[in-house]
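Notes for the one structure printed next.
The values are calculated or read from the model by the stated rules, or taken from the named source; none is laboratory data. For clarity, every value in this text was computed on a predicted model and none was experimentally measured. All Cβ positions, glycine included, derive from the backbone under ideal geometry; neighbour counts span all protein chains shown.
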Amino acid sequence: MRPDDYSIEVKNLKKTFQVRNREGGLFAAKRYLQIEAVRDISFSIPKGEIVGLIGSNGAGKSTTVKMLTGILTPDQGSIRIRGMDYRKNRRDILMQIGVVFGQRSVLCWDIPIVESFRLFRDMYSISEQTYRKNMDIFSELLNLKEYLYQPPRLLSLGQRTKADLAAALLYDPEILFLDEPTIGIDVLAKDRIREFIKVINRERHTTVVLTTHDVSDIEALCHKMLVIDRGSLLYDGTLQGMKEQYLAQCGETSATGEIELEHIIKQIYEGSFL
Amino acid sequence: MRKYVDHMTIGMKEQLVYPGAVWAGLFSKVLYLYLQFCIWKALFSDCLEKPTINRTDTLRYIIIATIVSTIMECNVTEKINAQIQSGNIAIELIRPIGFKRMLFARHVGDTAVKMICCTLPLIVLTTVTMQWCGADGLRLPFLQEWSAGTGMQLMCIDQLGYGILSLFLAYGIQFLYSLIIGLLAFWLIVTWPVNMFLGAVYRLLSGVWIPVTLFPELLYRINLWLPFRAVYAIPVSILTTEMKRKVIWQSVSVQMVWLVILYGFSLFLWRVGRKKLVVQGG
């Protein structure tokens, strides 16, 4: 594979946070503790793939995503997005990535969402034609029409996430980062969001990096999986590959003969697998 | 450019979402102006009749300073603080747009609304009531106090051009000052205690409450070397007091120097702070 066929290439990524040592009190020998959020992670993601990034709470997923999206600067290591570096081509990269944080909204709280969309149109210099086309597609797939003229403060969480998703894809980004997009969302809305992501990935070959705690999200969407625990990368491969590895290593089978992904993930978090 | 205009309009619309707040803002300013006026008038009627301090000049200064404050007020510090504290700054940093410019665009939108909904009515109200109080026709009891200002010319019209230039510079300085304090949140996360302290210092030294000419000698001299007076004392003095052209240009140059210094410092803080950023929560 040629290097520019990769959407994302990460090499030896490290990030340490300094936290004040509260346990020791005022006169502790060490006033600050070093917490290694991410220690030496390397992976690459080819174009057009949907990759699930999973790990228990505090495993370093979010930190990794924040470094991948250029929000945090890594202490060491390199990140290349479509062959570009944040230090040199920050703006070019930002034009090509879409980000949705399930727990934060990018839309202006008090302003009708259509105006946030217009703001995106101008921020990303989207042509009127592309804007119209995308708005039509998203309106249909995500039912945006119903609440296009309402501000986010009046929307349900599901509606808001859909609107956020639309905003992140309005400028046809090549890579889409989804940080817990289905958190707190009902089953129907979840299905709709997943279906939407699939369609976008299929038709636009958008690379998707998905962080989630919902195993069904991963099963429904992902081709590949990255498992992170305590800042290290434990697994990088296909879902099927993981199941096979698990069977070979642990030899357990469930009653139906199928191994559930959730079961394997539990084993990983508990430390008895991988 | 259009993206910044969008941010400006969003800033305007955000101001107008809650009309009640706009009215309350105007009402509080009217009340504040009236209070300031009464206090200063009362002070002069008794003990403060020093030959060096001119009564009309001071009253004039106070009125104009209060009106100017409706344009100068800047909530950029609170905005940055809130964003850094909640971690929502993350979503601003992934946009292909300058964060500081975006804040400025929003602030300009914000100010445009304040000018229309607050500054303009205040100017009209002040001018009209001052004219009426002197006339025989209308003598409302609560407006009696105003009669002290009857016939008073509020501004030096021939210095208006310089005054407006100076106001623009002051506006920039005020924004940069708020930006810098806001950016301190990169290190402190919570800056409101700092805000409280600096806010108090700022109110005293900028001349929005008290004309700087009334300061004791030492304080006045210290203040000459600080940026605060560039926000209120300089533009308001140019607007209200007759000065030689040379003095005006000196004052304006002082403002320009501060603008450059604060701009440089804000850039520096941004560069360094950006690396220190810890995005809060999840």
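Would you pick out the residues in the range B:222-238 that are surrounded by fewer than 21 Cβ atoms within 10 Å (Cβ to Cβ) and closer than 20 Å to B:THR58 by Cβ? Answer for the range B:222-238, where residues must be surrounded by fewer than 21 Cβ atoms within 10 Å (Cβ to Cβ) and closer than 20 Å to B:THR58 by Cβ: B:ASN223, B:LEU224.
For (1) at pLDDT 90 or above; (2) under 24 Å from A:PHE101 (Cβ atoms); (3) of a type in the set (A, V, I, L, M), each residue gets a yes or a no:
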| residue | (1), (2), (3) |
| --- | --- |
| A:PHE177 | yes, yes, no |
| A:VAL187 | yes, yes, yes |
| A:ASN201 | yes, yes, no |
| A:LEU221 | yes, yes, yes |
| A:GLN240 | no, no, no |
| A:TYR246 | no, no, no |
| A:GLN249 | no, no, no |
| A:THR253 | no, no, no |
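Restricted to the range A:107-204, the set of helices (runs of 4 or more DSSP H) holding at least 1 residues that are of a type in the set (Ser, Thr, Tyr) and within 11 Å of chain B (Cβ to nearest Cβ) comprises A:113-123. Of the residues that sit in the range A:205-219 and are among the aliphatic types (A, V, I, L, M) and either at pLDDT 95 or above or not in a helix (DSSP H, G or I) (or both), which one is farthest from the chain's Cα centre (by Cα)? The selected residue is A:VAL208. Quick one: is B:LEU35 surrounded by fewer than 17 Cβ atoms within 10 Å (Cβ to Cβ) and aliphatic (A, V, I, L, M)? For B:LEU35, the condition - surrounded by fewer than 17 Cβ atoms within 10 Å (Cβ to Cβ) and aliphatic (A, V, I, L, M) - is met.
Only one entry in A:ILE97, A:ILE54 is among the aliphatic types (A, V, I, L, M), more than 10 Å from chain B (Cβ to nearest Cβ) and crowded, with 16+ Cβ neighbours inside 10 Å, namely A:ILE54. Reported count of residues in the range B:72-98, each being at pLDDT 85 or above and within 12 Å of another protein chain (Cβ to nearest Cβ), is 13. Mind counting the residues in the range B:207-236 that are among the hydroxyl-bearing types (Ser, Thr, Tyr) and within 14 Å of the chain's Cα centre (by Cα)? Number of matching residues: 1.
Across the range A:86-94, a minimum of one residue is classified as within 10 Å of another protein chain (Cβ to nearest Cβ), aliphatic (A, V, I, L, M) and either part of a strand (DSSP E or B) or buried (at least 19 other Cβ atoms within 10 Å of the Cβ) (or both).
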